[in-house]
1. Does any residue of the stretch 567-582 turn out to be closer than 23 Å to T332 by Cα, in contact with a Gly (Cβ under 6 Å, 6 or more places away or on another chain) and not in a strand (DSSP E or B)?
2. Hey, can you tell me all the residues within the stretch 279-298 that are among the acidic types (D, E) and assigned to a loop (DSSP other than H, G, I, E, B)?
3. If I filter the stretch 204-220 down to residues being outside any loop (DSSP other than H, G, I, E, B) and among the hydroxyl-bearing types (S, T, Y), which single residue comes out as surrounded by the most Cβ atoms within 10 Å (Cβ to Cβ)?
4. Which pairs do you get when a residue that is farther than 10 Å from L160 by Cα and assigned by TED's automatic domain parsing to the domain that holds V56, found in the stretch 90-102, comes within reach of a residue that is among the charged types (D, E, K, R) and surrounded by fewer than 17 Cβ atoms within 10 Å (Cβ to Cβ), reach meaning Cβ atoms under 9 angstrom, with the pair 6+ apart or on two chains?
5. Scan L312, L375 and give me the residue that is out of contact with any Leu (no Cβ under 6 Å at 6 or more places or on another chain) and surrounded by fewer than 19 Cβ atoms within 10 Å (Cβ to Cβ).
6. For the condition assigned to a helix (DSSP H, G or I), assigned by TED's automatic domain parsing to the domain that holds A251, buried (at least 23 other Cβ atoms within 10 Å of the Cβ) and touching a residue at least 40 places away in the same chain (Cβ under 8 Å), what is the one hit in N128, N182?
7. Identify, by number, the condition in (1) more than 28 Å from A124 (Cα to Cα); (2) surrounded by 15 or more Cβ atoms within 10 Å (Cβ to Cβ); (3) not basic (K, R) that L500 doesn't meet.
8. Can you confirm whether the stretch 384-397 contains a residue that is within 24 Å of L550 (Cβ to Cβ), modelled with pLDDT of 95 or more and of a type outside the set (D, E, K, R)?
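The values are calculated or read from the model by the stated rules, or taken from the named source; none is laboratory data. Keep in mind the model is a prediction, meaning the values are calculated, not measured. Because the Cβ atoms are built from the backbone with ideal geometry, glycine has one as well, and the counts that use them run over all protein chains shown.
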Amino acid sequence: MSDLLAAASDGSSTAVAAPTAAAVSGAPALSWHDGEILRDGVPHRILSGSIHYFRVHPDQWEDRLRRLAAMGANTVDTYVAWNFHERVEGDIRFDGWRDVERFVRLAGEVGLDVFLRPSPYICAEWSNGGLPFWLTGRVSALRTSDPAFLAAVDAWYDALLPRLVPLQAAYGGPIVAIQVENEYGSFGSDAAYLAHLRDGLRRRGMVEMLTTADGITPDMIAHGSVPGAMTTFTFGTGVPVAASLRRHGEALMCSELWGGWFDHWGERHHVRSADSMGGTIRELLDEGGSVSLYMAHGGTNFGLWNGANHDLVLQPTVTSYDSDAPIGEDGTLGEKFHALRALFAPYRADGLPPVPDQPRRQSAASAPLEPRAGLLDVVRATPAVGALSPRPLTFEQLGAEDGLVAYEADVSFPDDATLTVDGLHDRAIVFFDDRRLGVLERDGETSLALPVDGGSGRLTLVVESLGRINYGPYTGEGKGIMRGVMIGRRLVNGWTHRLLPQTAPVSDTVGSGGTDGLAIAEFDIAEPLDAWLAFPGGGKGLVWLNGFLLGRYWSVGPQETLYAPAPLWRAGRNEIVVLDTDGLGAMVEIREAPSFGETEEFIGS
């Protein structure tokens with residue numbers, strides 16, 4: 001993963017002991033009764049939108065929260081991404097970008113309640129659904145009562161929840177609701193697991209209203225609900241169905257109303273019209289329901305935090321998480337923002353804040369992209385990890401969270417031999433000595449012909465994880481070469497492994513440049529402002545801005561520009577480094593507007 005966290009602001013916080021019962025200033029803020037949510041005994045609507053602190057640069061948290069309040073929302077909802085905080089087992093961090101307490105406090109200062117979704121699994125098109133790779137690498141029964149899984153969850157909650165207890169409304173803070181698990185009814189059927197999470201929240205001092213969230217089928221609701229937590233729904237259009245599935249006097253709430261949708265590489269950019277979104281929200285409000293729009297502001301899958309789906313084939317999510325949201329990736333206020341402001345205004349007796357100005361952007365510019373080293377040069381300049389291994393090791397065995405790993409072995413083979421990778425997760429660039437042979441892909445071609453005249457030499461496979469699966473039964477699946485590499489029917493033994501750096505790998509790399517590999521561009525700017533970066537002619541690359549890994553570009557689309565937020569720029573000289581595995585372009589462009597590619601309408605069920 002990128003050094004995403006080191007580049008964050010320097011705010012930090014320390015754990016606060018949970019208040020005693022005597023310190024509680026009042027009862028929990030929200031409850032439900034006879035089909036309504038009540039606040040201090042008075043009917044209340046939750047008018048919420050999703051903003052994920054881990055997808056927004058911390059210097060921009062307050063700006064995005066103020067835009068949400070101006071949209072008419074009275075609540076912000078956010079997941080807590082476990083793997084964002086505990087990338088190394090036992091090293092749980094809440095500093096800088098990971099200071100979730102600061103985000104919650106800012107929301108309160110802006111005048112928003114907080115709907116907190118701290119379940120160990122979040123989905124969210126986020127790497128591994130928020131579960132740490134070191135955990136999923138050793139525990140197979142995820143999201144169950146498996147003792148090893150529960151022990152890890154309990155240790156995580158022991159670190160996280162004492163920080164959040166004092167920020168509940170009962171203690172004068174903004175947190176008014178807490179989600180127990182996320183769309184569990186579409187995954188499993190372990191009622192004891194849900195009860196363990198519920199009881200763990202309560203035992204650690206979380207006193208506010210508990211919820212669950214599931215799709216709109218009776219089976220999902222049956223297996224995703226738990227006594228003591230209000231059932232809520234996730235859908236794009238299913239208001240009548242959701243209303244019919246309410247249980248035990250619960251209020252009607254859609255905790256994820258899909259006003260847009262995310263994108264996969266190689267597909268079209270998903271949009272949803274303001275009229276379509278607004279019509280569903282109006283229908284929900286007319287039914288007396290509460291709503292949280294997913295997403296109100298999507299943000300960005302910076303670094304390598306994007307997830308992936310698997311529906312017969314791997315579907316990696318793009319770097320942008322704009323999601324056609326009312327508040328754009330750079331804070332732009334679109335047609336949906338104004339439509340929602342009009343819809344929410346009648347329910348806000350306290351009035352709405354003024355509409356903020358549109359964000360400022362850098363002017364268009366371009367700079368040549370100067371090649372520095374070929375991809376093989378980068379590999380050879382990277383030190384080997386561990387001893388020679390008889391079989392290729394997985395990313396998990398190597399301690400590699402994501403990114404690129406080079407696998408090397410000395411081989412010999414006869415005429416007309418074929419190379420096959422068994423269990424490739426996810427994509428490999430194959431070299432024999434200095435010759436590039438081709439690309440293998442997990443759900444595509446996993447074999448290629450070796451040089452027809454046979455011989456011996458150095459085989460190198462540069463394997464890339466395209467995103468850890470975040471939804472469904474394949475969540476937690478490993479990365480790298482899962483089984484082995486064969487020449488004909490014979491396994492190749494004797495492997496060296498190199499973890500390619502996830503900091504901009506320029507200064508320690510030597511080479512003459514090439515059609516793939518490392519290149520650098522420089523921009524002189526007068527004032528740090530938001531920008532959109534494009535890489536015309538580039539194949540598939542990672543991009544660093546002043547040492548910060550922004551994410552990926554890929555010529556398969558749909559995304560054509562990367563968001564580069566103002567806090568990452570500096571007045572004067574700025575350096576952009578590209579590592580392209582497929583073919584470098586000639587330049588880098590600063591554009592004044594994003595390009596997310598060809599669109600298609602998404603509504604959802």
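1. no
2. E287
3. Filtering first and then ranking leaves T212.
4. Qualifying pairs under 9 Å: D95/D10; G96/D10.
5. Working: L375 fails: surrounded by fewer than 19 Cβ atoms within 10 Å (Cβ to Cβ).
Among L312, L375, only L312 is out of contact with any Leu (no Cβ under 6 Å at 6 or more places or on another chain) and surrounded by fewer than 19 Cβ atoms within 10 Å (Cβ to Cβ).
6. Values: N182 fails: assigned to a helix (DSSP H, G or I).
Just one listed residue meets the conditions, N128.
7. Every listed condition holds for L500 apart from (1).
8. At the first step, the residues of the stretch 384-397 found to be within 24 Å of L550 (Cβ to Cβ) are 395.
Still in the list and also modelled with pLDDT of 95 or more: 395.
Subset that is of a type outside the set (D, E, K, R): 395.
Yes, that holds for at least one residue.
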